[in-house]
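Single-structure report; data block below.
Coordinate-derived values only; no laboratory data. Every value quoted in this text rests on a predicted model; they were computed, and no experiment measured them. Cβ placement follows ideal geometry from the backbone for every residue including glycine, while neighbour counts extend to all protein chains displayed.
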Ligand code: CP3
C-alpha cells in the first residue's frame, strides 16, 4: 500500500459506519451492504459479463475492480464486497472445477479418498496475483468505503468438493464425515489452511474486513457442528486474528448454531431471516450482528419493505453493533432500484425515541 492509501484506510477505520458497527462503536448511521450485491441483478453487470465465463471474470483484475465498484456507485452502500466466488482459491491451486450458470460450482473429480486429498496443495501468493492486484486497485478507488474480503468456510467448501456439485441433503459429505472421521478432519484441515491463506492475502492487499461464508452449515446439528466443523472454522478465523480486521461469520438456517459460530472467533455474526433479530442478538452474546431482511421482501411493495426494514433496524439497536443486510444473497430477479431505495431508507431512518 502507498502511504496515501494507508492513511485513507486508517481514517476509514475510525469513521466508516460499517467498520464502527462491526467493532461495537456507535456509527453515524446504520450501515448497510448486501450479500451478493456484486453481480446478479445489475444490468451493468450483465453487460460486462457478456461472453466471459464466471471463473474467468474472477481472475481478470479489470473485471473484478469494475464489478465490485458497480453496486457501490449505484446504491451508495457502506461497504464493497470483492467480486469473486468461494471456489476461486480451489481453482487457483488447480482443482478441476467450473461454475455452471443456474447450477453453481461443479467439481470434475470429487474428493472422497486420501489419494485425492493429496491433490489439494497450499495456496501461494503467486496463484492469485490477478486477484490481490484487484484488491489493491479497489482500495485506492473506493476511497473511504471499506472493502470486505471473503472465503468459503471448510464445511461449505468440503460439500462442493465431496458432492461434486450443489446438494440439498449433503448426503455424500456426511457419509464421509461419519464414516471416515480421520479423512474428514484431514480434508477440512487442508481447506482451512487454503481459506485462511486466501483471507490473509486479501487483508494484506488492503481488505478492511472479511466474511467467512459457511452457507450450508445449517444442515448440521449443534453437536455435529462442534465435533466435525467448528474446530476448522475456528482455525480459519484464528489464522487472521493478528491482522486485526473485523471477521464476519455467516451461514443459512443456522439459528441453532449462532452462539457457536460466534464462539468460533467471529466479531460479527451474520443472521438469516428465519431467526428474529432480537432472538439472534440474545444468542450471540457480546458480538455485533449482521442481517437479516428476507431477500424476497424486495419483491413486495416499497412501504412493506420499509416497514420490515424499520423493524430490523429497531431490533438491531439492542446489539453490540448492527450491520444491516439481507438474510441471504440478493436474488437474481431483484429490481436494482428497490435495493437503492432500501439503502436510502436505512440511511435516513431516525430511531424511535
Ligand atoms: O457477494 C457478492 O456480491 C460477491 C460475490 C460472490 C459471488 N459468490 C459471486 C457469484 C460471493 C460472496 C459468492 C459466495 C458464494 N458462492 C457462496 C456463499 C454465499 C451464499 O450465497 O451462500 C456460495 C455458496 C457460492 C457458490 C455459488 N457460486 C453458487 C451457489 C452460485 C450460484 C449459481 C447460480 O447461477 O444460481 C455461484 C455462482 C456465482 N457466484 C454468481 C456470482 C455473481 C453467478 C454467476 C453468473 O453471474 O454467471
Task: 0 to 90° range, to nearest 10: angle between helix 181-204 axis and the chain longest Cα axis - done: 40 degrees
Task: Normalised contact order of segment 124-251, rounded percent, pairs of Cα under 8 Å and 6 or more residues apart - done: 34 percent
Task: Relative contact order, percent, the chain [alpha-carbon distance under 8 Å, six or more residues apart] - done: 20 percent
Task: Square roots of 5 times each gyration tensor eigenvalue, C-alpha, segment 168-326, largest first, Å - done: 28, 20, 14
TODO: Would you look at the GNM of the chain, springs on alpha carbons closer than 10 Å, and say which of 114, 264, 38 moves the most?
DONE: 114
Task: Ranking of 188, 212 by count of other Cβ atoms within 10 Å, fewest first - done: 188, 212
Task: Peptides 105-112, 43-50 ordered by average Cβ neighbours within 10 Å, highest first - done: 105-112, 43-50
Task: Nearest-ten-degree value, helix 302-316 long axis tilted from longest Cα axis of the chain - done: 80 degrees
Task: Burial ranking of peptide ranges 17-30, 52-65, 244-257 (average Cβ count within 10 Å, highest at the top) - done: 244-257, 17-30, 52-65
TODO: For the chain, restrict the atom set to alpha-carbon positions and state the Rg and Dmax in Å.
DONE: 19.1, 62
Open item on the list: With equal scatterers on the alpha carbons only and no solvent term, can you work out the Debye log10 of I(q)/I(0) for segment 99-223 at 0.09, 0.10, 0.18, 0.23 1/Å?
Closed with: -0.30, -0.37, -1.02, -1.34
Open item on the list: At a 10 Å Cβ-Cβ cut-off, how would you order 100, 95, fewest neighbours first?
Closed with: 100, 95
Open item on the list: Angle check, please: helix 230-239 long axis (alpha carbons) against the longest principal axis of the chain (alpha carbons), in degrees 0 to 90, nearest 10.
Closed with: 70 degrees
